[in-house]
């Protein structure tokens, strides 16, 4: 318990230092009274990743993105799965640099940045995960369009050549995204854009959520000598709010039946034991495989 | 008393849970885990396998013996068989070859399935594209032309796949369902499309009813029929085929390919590759298929 207490103090100091380094308008977002109380719950987070067989761009990171941020009061997690075997544009100076993998990465970056500026009041809003995701989608669209402003002649020639080769007037990039927020009190808010599966354990019961296979698209359009990104008329985001959540396992679709494996095991084993054997499960897919695990444990004296 | 069943092989049953929850049989290592026999909500056994499917409707009528282009000795049947086999063998680098199925249907005045195999099976059974091409040629029958019958037959396959998940009537697997693909349509709607494509090629016109009576796929939310015509492009049969195909949902152009020049033979091969991979709809999709 003594080591835990010291860790708690150290963590709080580091977090306060981080907060003091933020720009003025981002200060005091999390109040001291919200800081983690190790006498109640702690949240353990882990990300597990393995790559599927590499395709054309073997030296790049895979199409999956997985991340977690654990703050004193909330744990945030996200999974993005960029469409594989989709276009990859990169000119010599990398001024033009677009792919579905980068779209997945950029969405994750925006989500992470959005988390840092989220106030405690905002996070108590049950629709916040959807609002945050909507906000990220708009930001990414603006950001990618900004890269097309004032492009060099070389980049212009590169795009022209690409569109001539492809004999079309549009090129699509797409990704799924799953973003969630787990509060210290066990409230889970989660939004899905696509089919990344989610396993949730609530006390003795558990559920698996799989939403339809929609994707967030950015379409690069050529109109004469002008280029512009557009997106779907309507974003297919599905959100859920669940209470009393102890365990969250979010994954990319490459994890196959891993959620079912966890659910089947949950009837006979404590989650800690299941967690320790996740690596033995073989999903039998050719995709990248990413898992975010968040487990909310009540700390007892035996800890 | 609870009995536990392996998700990989339901014949493996146990009176109690194993120490790690996995089926202890060596072939099930890491794949098969135990579920309560009565709990079908968790049970994986028997769950449908997700596959992609291409139905190739191959015109094997007598006119296919003719040369394909003026001043070129190549016969249409040889070009088609070579392009189809070459296109399928081009899929060798594909990662999910086990799950990409092709049903080869030949039609003249009759319609018959000549093979139903996964891309992986074809690559394993035939040492090269040339041998597979010879196999295709050996099945050609060179009769009349009944395009309507061929299209109806393909629609039956489509329905059996989408509605029943059963291709056993055609020598394929049962308990399957389509992989779903998401597309952004030309007008900005997002649609989920089953990974099935039907490609018909012909060089003539329907000789039974003397017209194509309709496109049986046109009523589906996304029309998966693609047409290819071997000829100069002015023929009655070409106009008839082109008139029934839909516009590509992504690019808004006809799901139609004209092979009227020796230079287009490469297009035909790419078309077979794209259709066999159960993707794309139109010539723009074809140009974008691995173009970058």
Quiz item: Of all DSSP beta bridges located in the range B:1-142, what percent are antiparallel, nearest 5?
Solution: 65
Quiz item: Is the shape of the range B:116-174 best called rounded, prolate or oblate, per the rule: a/c under 1.5 gives rounded, else a/b larger than b/c gives prolate, else oblate, with a ≥ b ≥ c the square roots of the Cα gyration tensor eigenvalues?
Solution: oblate
Exercise. Based solely on C-alpha atoms, express the radius of gyration and the Dmax of the protein assembly as shown in angstrom.
Key: 27.5, 91
Self-check item: Mean-position separation - Cα centroids, the range B:214-292 and the range A:138-204, in angstrom
Solution: 30
Self-check item: Cα-based equivalent ellipsoid, the range A:46-295: semi-axes from gyration tensor eigenvalues, Å
Solution: 35, 21, 14
Quiz item: Spin-label point model (7 Å from Cα, Cβ direction): what's the residue B:130 to residue B:13 distance in nm?
Solution: 5.5
Quiz item: Hey, fewest Cβ within 10 Å first, where do A:146, A:222 land in order?
Solution: A:146, A:222
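If you count, for every residue in A:227-237, the Cβ atoms of partner chains within 10 Å of its Cβ, what is the mean? Intermediate results must be reported in sequence, preceding the final value.
Details: counts 0, 0, 0, 2, 3, 5, 6, 3, 1, 3, 0.
Mean shielding count: 2.
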Practice problem: Take the Cα coordinates of the range B:24-168, assign each an equal point scatterer, and use the Debye formula without solvent to give log10 I(q)/I(0) at q = 0.18 Å⁻¹. | Solution: -1.11
Practice problem: Classify chain B as rounded, prolate or oblate from the Cα gyration tensor: take a ≥ b ≥ c as the square roots of its eigenvalues, call it rounded if a/c is under 1.5, otherwise prolate when a/b beats b/c and oblate if not. | Solution: prolate
Exercise. Using 0.36 nm per residue of separation minus the Cα-Cα distance, give me the extension gain between residue A:280 and residue A:210 in nm, one decimal.
Key: 22.9 nm
Exercise. Kindly state, to the nearest 0.05, the FRET efficiency for residue A:134 paired with residue B:177, given R0 = 25 Å and r defined as their beta-carbon distance.
Key: 0.20
Quiz item: By its C-alpha gyration tensor, with a ≥ b ≥ c as the square roots of the eigenvalues, how is the range B:143-292 shaped: rounded for a/c under 1.5, else prolate for a/b larger than b/c, else oblate?
Solution: oblate
Practice problem: Arrange the following residues from fewest to most other Cβ atoms within 10 Å of their Cβ: B:102, B:183, A:115. | Solution: A:115, B:183, B:102
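Per residue of B:17-27, what is the mean number of Cβ atoms on other protein chains within 10 angstrom of that residue's Cβ?
The shielding value for this peptide is 3.
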Self-check item: Inter-label distance for residue A:89 and residue B:66, nm, one decimal - labels placed 7 Å from Cα along Cα-to-Cβ
Solution: 4.4
Practice problem: Please report A:291, B:147 as a ranked list, fewest other C-beta atoms within 10 angstrom at the top and most at the bottom. | Solution: A:291, B:147
Practice problem: Over the whole of B:182-191, what's the average partner chain Cβ count within 10 Å per residue? Rounded to a whole number, please. | Solution: 6
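No value in this document is a laboratory result; all are computed from the given coordinates. Quick caveat, the model's predicted, so the values are computed rather than measured. Positions of Cβ are generated from backbone atoms using ideal geometry, with glycine treated the same way; all protein chains shown enter the neighbour counts.
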